[in-house]
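Participant: Before anything else, here's the structure in question.
The values are calculated or read from the model by the stated rules, or taken from the named source; none is laboratory data. Since the model is a prediction, treat every value here as computed from it, not as a measurement. Because the Cβ atoms are built from the backbone with ideal geometry, glycine has one as well, and the counts that use them run over all protein chains shown. All accessible areas refer to the heavy atoms of the entire protein, side chains included, with ligands and DNA or RNA removed. Shrake-Rupley method; radii C 1.70, N 1.55, O 1.52, S 1.80 Å.
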Amino acid sequence: MSSHELITAARKQGRAALDELSGKKLLAGFGISVPRSLVIPDAAGAAEACAKLNPPFVLKVVSPDILHKSDVGGVKVGLHSASEIEEAIRTMMLRPEIARARVDGFLLEEMAPAGQEVVIGGVRDPQFGPLVMVGLGGVFVEVLADVSFRICPITRLDAEEMLDELKGAPLLRGARGRKPASREAILGALLRVGGAGGLLMTHADEIAEADINPLIVSEHGAVAVDARFVLVKRD
Ligand code: ADP
Ligand code: MG
């Protein structure tokens, strides 16, 4: 499915945002690595699905009603077997927020290699069109608002400057005992999202908000493990 077809399909289903798997397919179409994954309807699908993927696995609830999956117990990392997956699904279904949500299924995916968490985002400004954002994951974005923005399309030099102006930039280079995160991999992902011919420019009329949170960046590469795309409202 082309990236335009993914968006059209979501609109036909009346969705305001792409589900996580569609969001990841959109990213993959622009050359951004995402984990191998499958959606299973319920615990009965666990054995077959996990035979097709390599452990360790992550399990996530798929629901249009749940925005922050881990806040409601909808993400379980480090699973190794079908029985652990079945158990995790049963536990999730008992969570009140999940029990009362519309559940489309469960996303079973391979765990990304360990690394630092980076956030890449996009918003659509009515005047300037798409803007691209980068920051470090977790408290850096949520509490400290250590992020940098540019109007799209960005050049490689813009992407370099965006990274360098983050207060947390030394952490990406390996400060405080961290393993350095591949700068090339982050720059590559930023350009694929915000560069000329990138995701935000290509879908400037369709995507209201983009959020890759997080992109997990090791010394060798980067994997987008969560993706959310809110569509521009149409009447
Ligand atoms: P939420 O909706 O809560 O943002 P995420 O899909 O971002 O859910 O998952 C929560 C956290 O779990 C991520 O921030 C990341 O630390 C970890 N995680 C999720 N998917 C993976 C994965 N495939 N590999 C490794 N870690 C993951
Ligand atoms: Mg997330």
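Participant: For segment 93-118 and segment 175-216, what is the separation of their Cα centres, given in Å?
Facilitator: 22
Participant: Note the full-extension length gain between residue 144 and residue 77 as 0.36 nm times their separation in residues minus their Cα-Cα distance, in nm to one decimal. Please list the in-between numbers first.
Facilitator: Numbers: separation 67, 0.36 × 67 = 24.12 nm, distance 2.61 nm.
That pair, residue 144 and residue 77, stretches by 21.5 nm at full extension.
Participant: Report, to the nearest whole %, how much of the accessible area of the chain belongs to carbon and sulfur atoms, 1.4 Å probe, protein only. Spell out each step's value before the answer.
Facilitator: Numbers: 6340 of 11870 Å².
With neighbouring chains kept in place, the figure for the chain is 53 percent.
Participant: Based on the Cβ-Cβ distance of residue 161 and residue 4, what FRET efficiency does E = 1/(1 + (r/R0)^6) give at R0 = 30 Å, to the nearest 0.05?
Facilitator: My answer for the efficiency is 0.45.
Participant: Whole number in Å², please: accessible area per residue of segment 156-235, 1.4 Å probe, ligands, DNA and RNA not counted. Intermediate results must be reported in sequence, preceding the final value.
Facilitator: Values: 3950 Å² over 80 residues.
I get 49 Å² per residue for segment 156-235.
Participant: Taking springs between alpha-carbon atoms closer than 10 angstrom, which of 194, 74, 138 fluctuates most in the Gaussian network model of the chain?
Facilitator: The residue with the greatest mean-square fluctuation here is 138.
Participant: Another question, then. Between the helical axis of 3-12 and the dominant principal axis of the chain, each derived from Cα atoms, what acute angle in degrees is found, rounded to the nearest 10?
Facilitator: Taking Cα atoms only, the helix is inclined about 50 degrees.
Participant: Moving on to the next point. Top mean-square fluctuation among 77, 139, 119, Gaussian network model of the chain, C-alpha springs under 10 Å?
Facilitator: So, out of 77, 139, 119, the one fluctuating most is 139.
Participant: Run through segment 128-235 and list the chymotrypsin sites (Phe, Trp or Tyr not before Pro) located in a DSSP loop whose Cβ has at most 15 other Cβ atoms within 10 Å. The partial results should precede the final answer.
Facilitator: On the way: sites: 128, 140, 149, 229; in loops: 128.
In loop regions of segment 128-235 (DSSP not H, G, I, E or B), the sparsely surrounded chymotrypsin sites (Phe, Trp or Tyr not before Pro) are 128.
Participant: About the Cα centre, and with charges only on the beta carbon of Lys, Arg (+1) and Asp, Glu (-1), how big is the dipole of the chain? Nearest 20 debye, please.
Facilitator: So the dipole magnitude of the chain works out to roughly 100 debye.
Participant: Could you tell me the relative contact order of the chain? Use alpha-carbon pairs under 8 Å, at least six residues apart, and round to a whole percent. Numbers along the way, then the final one.
Facilitator: Details: 468 pairs, mean separation 52.7, N = 235.
Relative CO of the chain lands at 22 percent.
Participant: Through the Karplus equation 6.51 cos²θ - 1.76 cosθ + 1.60, θ set to phi - 60°, convert the phi angles of segment 107-112 into ³J(HN,Hα) values in whole Hz; use x for Gly and Pro.
Facilitator: 8, 9, 9, 6, 6, 6
Participant: Can you tell me, using C-alpha contacts under 8 Å and at least 6 residues apart, the relative contact order of segment 1-87 as a whole percent? Provide the component values of the computation, followed by the final result.
Facilitator: Working: 68 pairs, mean separation 22.4, N = 87.
In percent, rounded to a whole number, it is 26.
Participant: Considering only DSSP states other than H, G, I, E and B, which trypsin sites (Lys or Arg not before Pro) in segment 106-214 qualify as loop sites with at most 15 other Cβ atoms within 10 Å? Before the final figure, lay out the partial values.
Facilitator: Details: sites: 124, 150, 156, 167, 173, 176, 178, 183, 192; in loops: 167, 173, 176, 178.
Those satisfying the criteria are 167, 173, 176, 178.
Participant: Compute the length gained on full extension between residue 15 and residue 176: take 0.36 nm times their separation in residues and subtract their Cα-Cα distance, giving the result in nm to one decimal.
Facilitator: Details: separation 161, 0.36 × 161 = 57.96 nm, distance 4.28 nm.
That works out to 53.7 nm of additional length.
Participant: Taking springs between alpha-carbon atoms closer than 10 angstrom, which of 201, 93, 133 fluctuates most in the Gaussian network model of the chain?
Facilitator: Result for the chain, Cα springs under 10 Å: 93 fluctuates most.
Participant: Rounded to whole Hz and in sequence order, give me ³J(HN,Hα) for segment 139-146 from the Karplus expression 6.51 cos²θ - 1.76 cosθ + 1.60, θ = phi - 60°, writing x for Gly and Pro.
Facilitator: Karplus values, whole Hz, x for Gly and Pro: 4, 4, 7, 6, 9, 8, 6, 7.
Participant: Same structure again: So what are the ³J(HN,Hα) numbers for segment 195-209, from phi and the Karplus equation (6.51, -1.76, 1.60; θ = phi - 60°), rounded to whole Hz, Gly and Pro as x?
Facilitator: Ordered by residue, 3J(HN,Hα) equals x, 4, x, x, 4, 5, 5, 5, 10, 4, 8, 10, 9, 7, 8 Hz.
Participant: Continuing with this model, one more query. Taking the 0 to 90 degree range and rounding to the nearest ten, how far is the long axis of helix 82-94 tilted relative to the main principal axis of the chain, both from C-alpha atoms?
Facilitator: That helix lies at roughly 80 degrees to the long axis.
Participant: Probe 1.4 Å, all protein chains in place: accessible area of residue 218 in Å², nearest 10?
Facilitator: 20
Participant: Can you show me the helix-derived [θ] at 222 nm for the chain, built from DSSP H runs with n ≥ 4 at -39,500 (n - 2.57) apiece and divided by the number of residues, rounded to the nearest 500. The partial results should precede the final answer.
Facilitator: Details: 10 runs with 76 residues, N = 235.
Here the helix-only value at 222 nm equals -8500 deg cm²/dmol.
Participant: Using only the alpha-carbon atoms, how far is helix 20-29 inclined from the longest principal axis of the chain? Give it as 0 to 90 degrees, nearest 10.
Facilitator: Between the helix axis and the principal axis of the chain, the angle is about 50 degrees.
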